[in-house]
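Step one of this worksheet: look at the structure below.
Values in this text are rule-based calculations from the coordinates and carry no lab data. Predicted model only: the values in this text are computed from it and were never measured. A quick note on method: Cβ atoms are made from the backbone with ideal geometry, for glycine too, and the neighbour counts reach across all protein chains shown.
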Amino acid sequence: MKMTSDSLTRPESAPLVDDFGAASGSVLSKMVAPMRRLVSSRKGKAAAAGLAVYVVIGLGWRLLPLPAPDYIDQTVRLRGPSAGHLLGTDEFGRDILSRIFDGIGITLGVSAISISVALVIGVSTGIFAAYSGGWVDAVLMRAYDALLAMPDMILAIAVAAIIGTGARDAIVALAVVGTPQFARIVRSSCLSELPKTYIEASVSLGGSRARIMFRHLLPNSVGPIAVQTAIFGAFSVLMLAGLSFLGLGVQPPAPSLGGMLSTARQYLATAPWYAVGPGLAIALLVLTLNALADCVRDITDRRGR
Amino acid sequence: MTAPPLPPPLPSASTSARETLLDVAGLSVSFPTPDGSVRAVVDASFEVGRGEILGIVGESGSGKTTLLMAVARLLDAPGVRVEAERVCLGGRELQALSDREFHRLRGAELSVVFQDATSALNPTATIGRQIGETLRAHRSVSRKAATAEAVRLLELLGVPDAARRSDSYAHELSGGLRQRVMIASAIAARPSLLLADEPTTALDVTVQAGVVDLVVGLRDALNMAVVWISHDLPLLATFADRVAVMYAGRIIEVGPSQRVFDTPGHPYTVGLLESIPQVKSAAGGRLTAMPGSLPSPTDYPTGCPFADRCAFRMDVCAEMPTFRSVAPGHVAACWLLDEGRDSGDR
Amino acid sequence: MIGYGSKRLLQTVPTLFIVSVVSFAILRAAPGNPAQYVAGLTATPQVLAAVSHRMGLDQPLYVQYVRWLGDALQGNFGHSYVSGRTVSSLILAKLPATIYLAVAGMVVAAVMGTIFGLVAAARPGGRVDSAISLLTSVSLAIPTFWSGILLILLFSVRLNWLPSGFMSSPSQGIGAFFSSLILPAVTLGLNYFPVFARFLRGGLLEARGQPYVRTAVSKGLDPWYTFRVYVLRNGIQPMLTSIGMVFGRLLGGVVITESVFSWPGLGSLMVTSIGNRDYAVVQASLLLAVLAVVLVNLVVDLAQAIVDPPSRLTARSMT
């Protein structure tokens, strides 16, 4: 790496460019161009649109002229689709469609929070482990490996068993499952970046550990992190629904897609339509997120990394 | 039923005494790319006699591998087009054969040795099996007999401890041994023609010599014709009977290998030989490099492809030269040579 | 070979250790005093103290852990707080049903995955391949419980061909047992075949592009032989390696499927125990589940090393 006097006096905020052309710099600056590419393909457009629909529903369903999701009316229990109740009513006479929408909102909220938690903890510990190396890395990774060795659903159930049930506890359970995944991905990405010359240059220029980790290692891991976010997003939706189905996630009377399916199971013979809506809502959301993950993966691959 | 016994070695014969085994005329290979149509091989013609070793020499990108693969019908790039006036093996026109008919010739009449034996061998089958399967594909031989023959071949090819080795896997062997295994598995069914694509390029020089001896020995023992591709003309000169020089997809010189090496007829061949670093040359001496580089395969000039880099360029070189005689049995496509002799004397 | 085996075995120790700690944590994290459960709600403080002492609850935590571990290794997991039976007897009673279901589910998933993988790889990029790709994507998106419910809706409620839940144990009526096994096994298979299908397709396509296939062609080998010995033998590797991972996920699916089909196995036991705060049962089932996954992974790795020595040498970087 050519050490010109220029580079020695360069202001610290300017990005360094390594021999492979990867630029360090702020995380956000690296995300703009790929975002545009994400929606350029047909699949990307569809996935992004799908996710947007879900987010809009989750945030704004209250604006729609629907019956309140908690409005109990025992006189209309388990009715099929009708003008007043587009998807029918549940065992308490509540409108299924509005409960589904509410459930979507809750699902998105829980997922988003658990993704964020898992991402923050996983990414920071992953970078830290990769950079520190030695026994710190070994201990951290062994712990994460042990968590990863457990099947995700079972781990989530175990955590739920320890800390209890409910949306808040579900968030913790999901975060516990997700953190090792992020940590692992970030760590291997960092490990392949560390030998590169620009890191060495930054060290010799006197960069602090934190600086190197967050200004150089992190931005170059954005790709894998993005893919993992989408993948874990899909995962968390499925797992939350599963936990709720088993009675360990979102607790009644709060609506949950999994919980509704659990009830629907009981009334399958008498109210078969009950099972269709919530399941479809889950499936389409997961499909969208998986498609998004594919698109993100395509993009990050094409950047030649 | 055991494999047929090896025929007695032939006395070494000159080209003219040999019966022609492979006769290729006007072979061209092209395939479409986003940048235009690539003409990998242009109007190549050559002959190989029974039991003769023909070397094909050229730089990377000269089309020599493509030429070989075209003859062996192993080109699978999408849209590839192979056209030839004539591709005759033992008098039989190969182009007239269906894929299935051609496939039956493989291993039995015509076999290929590839450059990189590392990935060209099946990692999950023992090498004994890989040698034996060629035999079993073409003769009705029991598995035991095939394995025995495989061991025999390994011994013949100079592999130490052959019986034990035949139960090992490709990754357990060194590069030189792997190449021997490749050769053994290619010739197990005694083909009359062996096409070898730079078989020793990936090997150490010391190991190289062993493999060369091996192939020459096989030619002697089996009267097998060999087409050997290399970028190393001096090496070919030591053991090949004749050699053909390729440049930019064309064959530009053909002749007895020692003759071409000593008195090259084409300026390109001259340059090729001069640019080889000599151990004996004075220390500090400069390497002679040929100016310029290969023309782009999507944009070959209409005249002599070497004209741009040739020190002896003349106006007439804008037209593709015909083959002219350098000496009996030795021709080169260059206007510098005498007129008169026709191009039939190859 | 022995060296590799013992190395692999040793690798599982840290995982098992941490899992055992997590299991112990579940037990101790239970709110309330475990001694209370054993002694009963009406026990006097003296009785409670005596029981606590007997259970070793007044010892420091790590001592309790060691005691627990010692007991666990002998198969003694204590008693269910709810039913009073020993945990091990409860688990043993429910274990066979889960094993049947898990095995059946794996078999269905493997068969479906193999078929779809082979068909998709036959003509890559073609219409069938794209259709199968769509199918796998959809299958990955559908939650296990939903597909189970839909299958019940179709085959039990509408068509009345198959029962919607557990019918009888094999000893009591093998026909009824199998007919009740079909839907849950198919549910599991439908949800877990995609990984197999994708890995097989990928593996086959990659093998087909390898130089050694060209060598096989150049030797004039029979095309079917070439497929068997060159393409399939090499291409099946990724799928075989994924068995461990799929099994792990499938166990999670088993817990859910048992709930959907009222299948009396360990999964149902675990879920109801959590609901009942019967932590002794919960931690034992958790431990068992993880042990099963670790064991299956180990067996798959060792089997591969025996059958296919070269794979042993390629970096097992997937772990």
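The table for this structure:
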{"read-out": "Leading residue at positive end of dipole, the protein assembly as shown (Cβ point charges), from B:PHE46, B:ALA189, A:LEU38", "value": "A:LEU38"}
{"read-out": "Karplus (6.51, -1.76, 1.60) ³J(HN,Hα), θ = phi - 60°, over the range B:110-124, in Hz, Gly and Pro reported as x", "value": "9, 9, 10, 10, 9, 5, 9, 5, 4, 9, 8, 10, 5, x, 10"}
{"read-out": "Inter-label distance, nm, simple model (7 Å from Cα along the C-beta direction), A:LYS196/C:ILE174", "value": "6.2"}
{"read-out": "Share, in percent, of DSSP beta bridges within the protein assembly as shown that are antiparallel, nearest 5", "value": "65"}
{"read-out": "Using alpha-carbon coordinates, inclination of helix C:45-55 to the longest axis of chain C, degrees", "value": "40"}
{"read-out": "Efficiency of FRET from Cβ geometry, A:THR75 and C:ASP71, R₀ 56 Å, rounded to 0.05", "value": "0.50"}
{"read-out": "Square roots of 5 times each gyration tensor eigenvalue, C-alpha, chain B, largest first, Å", "value": "36, 22, 20"}
{"read-out": "Rg over Rh [alpha-carbon atoms, Kirkwood Rh] for chain C", "value": "1.07"}
{"read-out": "Sum of -39500 (n - 2.57) over DSSP H runs of 4+, divided by residues of chain B (222 nm, nearest 500)", "value": "-8500 deg cm²/dmol"}
{"read-out": "Backbone N under 19 Å from the A:THR270 label point (7 Å along Cα→Cβ), restricted to the range A:54-88", "value": "A:72-82, A:87-88"}
{"read-out": "Computed log₁₀ I(q)/I(0) - Debye formula, equal Cα scatterers, no solvent, the range B:117-190, q 0.11, 0.22 Å⁻¹", "value": "-0.21, -0.87"}
{"read-out": "Lys, Arg +1 and Asp, Glu -1 on Cβ, resulting dipole of the range B:117-190 about Cα centre, debye, nearest 20", "value": "220"}
{"read-out": "Value at 222 nm in deg cm²/dmol, rounded to 500, when DSSP H runs of n ≥ 4 in chain C each add -39,500 (n - 2.57)", "value": "-24000 deg cm²/dmol"}
{"read-out": "DSSP-defined beta bridges in chain B - what % are antiparallel, rounded to 5", "value": "60"}
{"read-out": "Degrees separating the helix C:174-208 axis from the principal Cα axis of chain C, which is the longest one", "value": "50"}
{"read-out": "FRET efficiency for B:SER119 and B:ALA221, using Cβ-Cβ distance with R0 set to 35 Å, rounded to 0.05", "value": "0.75"}
{"read-out": "Positive-end extreme of charge dipole, the protein assembly as shown - chosen from A:ILE96, C:ALA110, A:GLN266 (charges on Cβ)", "value": "A:GLN266"}
{"read-out": "Residues B:THR298, C:THR98, sorted so that the one with the fewest Cβ neighbours within 10 Å comes first", "value": "B:THR298, C:THR98"}
{"read-out": "Distance between modelled label sites at B:HIS171 and A:ALA83, nm, 7 Å Cα→Cβ extension", "value": "7.2"}
{"read-out": "Charged-residue dipole, Cβ positions (Lys, Arg, Asp, Glu), chain B about Cα centre, Debye nearest 20", "value": "1040"}
{"read-out": "Positive-end residue of C:LEU190, C:ILE152, C:THR42, charge dipole of chain C with Cβ unit charges", "value": "C:LEU190"}
{"read-out": "Value at 222 nm in deg cm²/dmol, rounded to 500, when DSSP H runs of n ≥ 4 in chain A each add -39,500 (n - 2.57)", "value": "-21000 deg cm²/dmol"}
{"read-out": "Relative contact order computed over chain A (Cα-Cα under 8 Å; 6+ residues apart), in percent", "value": "24"}
{"read-out": "Relative contact order for the range B:117-190, counting Cα pairs under 8 Å that sit 6 or more residues apart, in percent", "value": "48"}
{"read-out": "Average other protein chain Cβ within 10 Å of Cβ, residues A:160-167", "value": "5"}
{"read-out": "Label-zone membership for the range B:183-210, site B:THR238, 7 angstrom Cα→C-beta point, backbone N under 16 Å", "value": "B:199-210"}
{"read-out": "Note, ³J(HN,Hα) from phi for the range A:233-240, Karplus 6.51, -1.76, 1.60, rounded to Hz, x at Gly and Pro", "value": "x, 4, 3, 5, 4, 5, 5, 4"}
{"read-out": "Degrees, to the nearest 10: A:152-163 long Cα axis against longest axis of chain A", "value": "80"}
{"read-out": "Computed E for C:THR272/C:ILE306 - FRET, C-beta separation, R0 56 angstrom, nearest 0.05", "value": "0.85"}
{"read-out": "Length added when fully stretched, C:LEU57-C:ILE115, from 0.36 nm per residue minus Cα-Cα", "value": "15.4 nm"}
{"read-out": "Spatial separation of Cα centroids for the range A:69-103 and the range C:146-205, in angstrom", "value": "31"}
{"read-out": "Mean separation of Cα contacts under 8 Å (6+ apart) over length of the range B:111-255, as relative contact order %", "value": "26"}
{"read-out": "Proximal charge balance of C:ILE18 [Cβ under 11 Å; K/R count +1, D/E count -1]", "value": "0"}
{"read-out": "Distance histogram for the range C:101-168 (every C-alpha pair counted, 5 angstrom bins, percent rounded to whole numbers)", "value": "3, 14, 15, 21, 19, 14, 8, 4, 1, 0"}
{"read-out": "Given charges at beta-carbon only (K, R positive; D, E negative), |dipole| of the protein assembly as shown in Debye", "value": "2140"}
{"read-out": "Reference-scaled alpha-carbon Rg (2.2 N^0.38 Å with N residues) for the protein assembly as shown", "value": "1.20"}
